[in-house]
1. Could you give the distance between the Cα centres of the stretch 31-61 and the stretch 64-126, to the whole Å?
2. I'd like the orientation of helix 170-188 relative to the chain: the angle between its Cα long axis and the longest Cα principal axis, in ° from 0 to 90, rounded to 10.
3. Can you sort 53, 1, 12 so the residue with the fewest Cβ neighbours within 10 Å comes first?
4. With the convex hull built on the Cα atoms of the stretch 60-120, state its orientation-averaged projected area in nm².
5. When a/c reaches 1.5 or more, the comparison of a/b and b/c decides; with that in mind, is the stretch 37-76 rounded, prolate or oblate per its Cα gyration tensor?
6. For residue 4 and residue 192, compute 0.36 nm times the residue count separating them, minus their Cα-Cα distance, and round to one decimal in nm.
7. For the pair residue 105 and residue 177, how long in nm is the line joining their label points, each one 7 Å along Cα→Cβ?
8. How much FRET efficiency would the formula 1/(1 + (r/R0)^6) give for residue 153 and residue 121, where r is the Cβ-Cβ distance and R0 is 25 Å, rounded to 0.05?
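Taken together, the values in this text are just the output of simple stated rules run on the coordinates, not laboratory data. Only a predicted model underlies this, so the values are computations on that prediction, with no experimental measurement involved. No Cβ is skipped: glycine too gets one built from the backbone with ideal geometry, and neighbour counts run over all protein chains shown.
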């Protein structure tokens with residue numbers, strides 16, 4: 001909560017930036033502008049401990065992002081919902097092995113990690129058979145695997161460029177910093193729409 005250590009934002013800089021990156025990673029959409037309302041509810045804190053925002057993405061998609069360090073009773077309740085024209089997706093970090101797929105014309109389905117119906121791309125990033133919990137720690141292993149593939153390809157003169165490998169790059173970090181800066185600026189201007 002000390003700006004001399006943490007910078008300009010606490011909650012949105014820590015939790016919100018992960019949510020922003022997750023949406024971009026899953027959808028491939030670039031965030032264009034936001035209207036953010038950051039708050040400090042705990043007396044004595046110098047930086048935000050709660051915040052929400054409206055988001056506008058390229059191509060006309062819209063979103064809502066909420067991040068809080070004061071949601072009493074929640075255990076890192078990260079979740080994401082993406083609504084499309086053919087189906088919608090819902091995922092909860094507290095139940096990481098399940099992806100809920102919702103349709104307009106049939107019952108919702110729950111897809112579970114590790115099953116053959118998920119396809120070869122998902123299988124590449126699955127280390128344990130279905131029925132065994134796999135999630136947060138293994139996600140880091142997936143990043144390390146992609147980085148190792150890039151390093152090996154580079155050594156062999158076969159590097160395909162950052163976009164060919166599934167790991168965060170410098171641009172992802174720059175985008176995250178732009179997100180935090182825009183959130184603080186928007187909130188400081190009474191939640192005015194702010195471009196990234």
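1. 23 Å
2. Helix 170-188 sits at roughly 30 degrees to that axis.
3. The fewest-first ordering by Cβ neighbours comes to 1, 53, 12.
4. Approximately 6.1 nm², given one-decimal rounding.
5. Oblate, since a/c reaches 1.5 and b/c is not below a/b.
6. 65.1 nm
7. Taking the two extended label points, one gets 4.8 nm.
8. Calculated value: 0.85.
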